[in-house]
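Colleague: Here it is: the structure, laid out below.
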Ligand SMILES: [Zn+2]
C-alpha cells in the first residue's frame, strides 16, 4: 500500500516492480514508482513521485 503524494489517498499497487507512470485514481495526478536499491538495509525502498507533465511526452 502506497500513499499518493498529491492527495494522500491510499493507492494499491499490483506490481511493485512496474515503474511506468500511472494516474492516481483519486486525483488523476500522474505518478510513478521510484525504486531505490541502494539502501544499506538490503531492502528495496519504494516511493511514489509525481510525474511532471513535461516528462510524459506524448501519451
Ligand atoms: Zn492522488
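Computed from the coordinates by the stated procedures, all read-outs in this text should not be read as laboratory data. Just so it is clear, the structure is predicted and the values come from calculations on it, not from any experiment.
Colleague: Counting each DSSP H run of 4 or more residues in the chain as -39500 (n - 2.57), what helix-only mean residue ellipticity at 222 nm follows after dividing by all residues, to the nearest 500 deg cm²/dmol?
Modeller: For the chain, the value works out to -1000 deg cm²/dmol.
Colleague: Based solely on C-alpha atoms, express the radius of gyration and the Dmax of the range 2-56 in angstrom.
Modeller: Both quantities, over Cα of the range 2-56: 11.6, 34 Å.
Colleague: In addition: DSSP beta bridges in the chain, what fraction antiparallel, as a percent rounded to 5?
Modeller: 100
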